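Scroll down for the structure; my scribbles are underneath it.
The values are calculated or read from the model by the stated rules, or taken from the named source; none is laboratory data. Computed from a predicted structure; not experimentally measured. Using ideal geometry, Cβ is built from the backbone for each residue, glycine included, and neighbour counts are taken over all protein chains shown. Just so you know, the surface numbers come from the protein's heavy atoms only, side chains and all, with ligands and any DNA or RNA stripped out. Shrake-Rupley method; radii C 1.70, N 1.55, O 1.52, S 1.80 Å.
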Amino acid sequence: MDRREFMQNTMIAAGVMAGGLGLMGTNALGETKHIKDSINSKVNIPNITLNNGVKMPLLGYGTYKIGKDIATRCTLEALEVGYRLIDTAELYKNEEEIGTGLKESAVPRKELFITTKLSHDMSYKETFKAVDLALKKLQVDYLDLLLIHMAFQDSVQMYKAMEELYHKGILKSIGISNFKAKKYTSFIKEVKITPMVNQMETHVFYMQRELRKVMKDTVLEAWSPFAQGRNGFFAKPVLESIARKHNKTVAQVGLRFLIQNNIVAIPKTTHKKRMIENIDIFDFSLDSEDMANIAKLETNKSLFGWY
């Protein structure tokens, strides 16, 4: 069950009209609490400093499976709400539409942090062409972060091209995605620049403990921070209890847990109300007891297993 299905079922059981989806949550006592329906676009999202000194927002907007027909609208809404980190990829086939949103937005380029990924194996020379194409699609002169989407056969050659573009200033930061501990360790021995970021499946059930032990100088970024609703994410009693304690939602607690572990999170939604909900996590903190109780949810295994 994904997040939307869970919220719908919860509201139906509580006798709440479907039109209220995204405006209110229901706690275990059947009481409702309102989620903010607007937020200051100047919301102060804290940064984490990468190993090259570049500052990256700890919370961003993910765009996986956001189709061409709505990607521009979603990008504009995310920027309006206050997101500045926008994450996409060649694989998502929405770079051009996101680029349109970036161009139409009134947000200055210097305030944005744009990430994309190279999603297929390619040669050293082909990497330069792929980056140039991504820049054109996104309508930008440089990328704040470029990642290799997974451990391809020619990842090292791809990365060497990225290192050159980094030195030229076209790429402000470079990194990888879906590199497990063993692959990460061998990879960094073959490149000159330690990856600034490794984007991985990360959530309360799988906090990448083994990987974090070896990534001393690489920031962990979480894709699927809600585990796509798997393993009963939105119905976990411990998360529900902590959410009630702070007058927040389970989603907000899950994101806050990642942020307080210095893990960048990029939740994805196509609904503006949830964009607002997801960004509204900087007015509370989880205490040591909350953190310890959430940590007990760790299973130390992937819920997806494809990488």
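A compact table of results
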item	result
Test result for Leu165, out of contact with any Gly (no Cβ under 9 Å at 6 or more places or on another chain), of a type outside the set (Ser, Thr, Tyr) and either open to solvent by less than 10 Å² (accessible area, probe 1.4 Å) or assigned to a helix (DSSP H, G or I) (or both)	yes
Identity of the residue in the stretch 223-265, closer than 21 Å to Val197 by Cβ and in a loop (DSSP other than H, G, I, E, B), that ends up most open to solvent (accessible area, probe 1.4 Å)	Asn262
Close pairs (6 angstrom Cβ cut-off, 6 or more residues apart or separate chains): charged (D, E, K, R) in the stretch 102-128, at pLDDT 95 or above and surrounded by fewer than 13 Cβ atoms within 10 Å (Cβ to Cβ) anywhere	Asp121/Gln153
Pairs with Cβ under 7 Å, 6+ apart, first in the stretch 199-221 and at negative phi, second of a type in the set (Phe, Trp, Tyr) and part of a loop (DSSP other than H, G, I, E, B)	Glu201/Phe304; His203/Phe226
Pair list, Cβ < 7 Å and 6+ apart or interchain, from the stretch 152-163 residues that are over 11 Å from Ile174 (Cα atoms) and small (Gly, Ala, Ser) to residues that are open to solvent by less than 30 Å² (accessible area, probe 1.4 Å) and not in a helix (DSSP H, G or I)	Ser155/Ile148
The one condition in (1) outside any helix (DSSP H, G or I); (2) more than 18 Å from Asp87 (Cβ to Cβ) that Val140 fails to fulfil	(2)
Those residues of the stretch 29-62 which are open to solvent by 90 Å² or more (accessible area, probe 1.4 Å) and modelled with pLDDT of 95 or more, in sequence order	Lys55
Hits in the stretch 77-97 - residues which are at positive phi and open to solvent by 40 Å² or more (accessible area, probe 1.4 Å)	Lys93
Pick from the stretch 175-222, criterion outside any helix (DSSP H, G or I) and of a type in the set (Phe, Trp, Tyr), ranking: surrounded by the most Cβ atoms within 10 Å (Cβ to Cβ)	Phe179
Within the stretch 53-68, tally of residues that are in contact (Cβ under 8 Å) with a residue 12 or more places away in the chain and either on the phi > 0 side of the Ramachandran plot or outside any loop (DSSP other than H, G, I, E, B) (or both)	7
Residue satisfying all of: in the stretch 99-117; of a type in the set (Lys, Arg) and in a helix (DSSP H, G or I); least open to solvent (accessible area, probe 1.4 Å) among these	Arg109
Meets criteria (touching a His at 6+ places or on another chain (Cβ under 9 Å), free of Cβ contacts under 8 Å to residues at least 60 places away in the same chain and among the charged types (D, E, K, R)) for Glu96	no
